[in-house]
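Take a look at the structure set out below.
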Amino acid sequence: MAQRRRGAELEKALLNAAWDELTENGYARFTMDGVVKRAGTSPPVLYRRWSDRDELVRATIIHMLKESRPTLPDTGSLREDLLTLMREIATAHVQLITVMYAHLASYYRETGRSPDDLFDPVTTGRTAALDTLFEHAVARGEITSELLTERIKTLPFVLLRHEILSTFAPVPDHVLEEIVDTIFLPLVR
């Protein structure tokens, strides 16, 4: 007999089952029943936590963003820190980005939400991570903080996301280097 899951362990199992359902079926065919079957649980267990599929999808995306947050590099160079971080995202996070933007198009239409609503950098801890990366570069004297607007801080990652969504494939290193060396670094130096 299988041991009964509770608390955080159960919630993680439910969210992982929801992620599997979402990645395999997309939002249009995503169902609470499908998640229940994948998780090997009962409907009341799921509905006690999330009242509808939109609420569950939002929780699932936030969960996956937190779980998949890349390790913050500290190589001693802003250029290398950015490239290291972008290389990880460009290879290990293609599926996550594709699901977030391409597979959830009907979710955004139906709920009136946008990708930015789900990809909340404060909730997922991504804002603090990027701020730390740039604070290290300022402390080393590589860049000046006056040039670091929020839009400029996110620019390399917006361009990376564009590349992933243009190909649905890992981004080649020469493209990452072009984003960092030709576009981003000249803006902050």
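The values are calculated or read from the model by the stated rules, or taken from the named source; none is laboratory data. Predicted model only: the values in this text are computed from it and were never measured. Note: ideal-geometry Cβ built from the backbone for every residue, glycine included; neighbour counts use all protein chains shown. Calculation scope for accessible area: heavy atoms of the full protein, side chains included, ligands and nucleic acids excluded. Shrake-Rupley method; radii C 1.70, N 1.55, O 1.52, S 1.80 Å.
Using C-alpha pairs under 8 Å with a sequence gap of at least 6, the mean separation divided by the residue count of the chain gives a relative contact order of 24 percent. Ranking Lys66, Lys37, Lys153 from most to least accessible surface, computed with a 1.4 Å probe over the protein chains only, gives Lys37, Lys66, Lys153.
If packing is taken as the average count of other Cβ atoms within 10 Å, what order do 137-145, 172-180 fall into, highest mean first? Kindly include the intermediate steps, with their values, before the conclusion.
On the way: 137-145: 13.3, 172-180: 15.7.
Packing order, densest peptide first, comes out as 172-180, 137-145.
With 0.36 nm allotted per residue and the present C-alpha distance subtracted, the Asp52-Ser114 stretch has 20.5 nm of extension available.
Taking 28 Å as the straight-line reach from the Cα of Lys12, the lysines in range (excluding those fewer than 8 positions away in the same chain) are Lys37, Lys66. With contributions of -39500 (n - 2.57) from each DSSP H run of at least four residues, the per-residue ellipticity at 222 nm computed over the chain stands at -19000 deg cm²/dmol.
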